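One structure is given here, and the rest of the page talks about it.
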Amino acid sequence: MNTVMLKERLHEYIDHADEKHLEAIYVLLGQEMDAETQRKALIQSERAKYLRGEGKSYSPDEVKAMALNKNQRHAI
C-alpha cells in the first residue's frame, strides 16, 4: 500500500472514529508530534539568530571534523 492510500485510509478512519480510538491514536503519535514541534522551534530559533548575525555557521569540512573528533573521544 502506498503513502497516498495509507493517508486516505487513515483520514477516513479518523473521520469516523469514536473518542476512545482518537485518544489512543493521539497517545501513539503525540510524543512524536511534540518532539517534531520542538525540533522545528529550535531550527527556527537558530535560523533567526543566524539571520541577525548572532549565530555561528560551519563549513561542511568543519562539521565533518567536529563529528570525527566527537566519535574519537567516545571511542576511548
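With of a type in the set (Asp, Glu) and surrounded by 10 or more Cβ atoms within 10 Å (Cβ to Cβ) as the only criterion, which of Glu54, Glu23, Glu19, Glu32 stands out? Steps first, answer last, please.
Values: Glu54 fails: surrounded by 10 or more Cβ atoms within 10 Å (Cβ to Cβ); Glu19 fails: surrounded by 10 or more Cβ atoms within 10 Å (Cβ to Cβ); Glu32 fails: surrounded by 10 or more Cβ atoms within 10 Å (Cβ to Cβ).
Answer to the check: Glu23.
Working only within the stretch 1-40, note down all residues that are over 10 Å from the mean Cα position of the chain (by Cα) and either within 30 Å of Gly55 (Cβ to Cβ) or in contact (Cβ under 8 Å) with a residue 24 or more places away in the chain (or both). Write out each step before concluding.
Applying the first criterion (over 10 Å from the mean Cα position of the chain (by Cα)) to the stretch 1-40 yields 1-31.
Answer for the stretch 1-40, where residues must be over 10 Å from the mean Cα position of the chain (by Cα) and either within 30 Å of Gly55 (Cβ to Cβ) or in contact (Cβ under 8 Å) with a residue 24 or more places away in the chain (or both): just Gln31.
Bear in mind these aren't lab numbers, they're just calculated from the coordinates by the rules spelled out. Quick caveat, the model's predicted, so the values are computed rather than measured. Because the Cβ atoms are built from the backbone with ideal geometry, glycine has one as well, and the counts that use them run over all protein chains shown.
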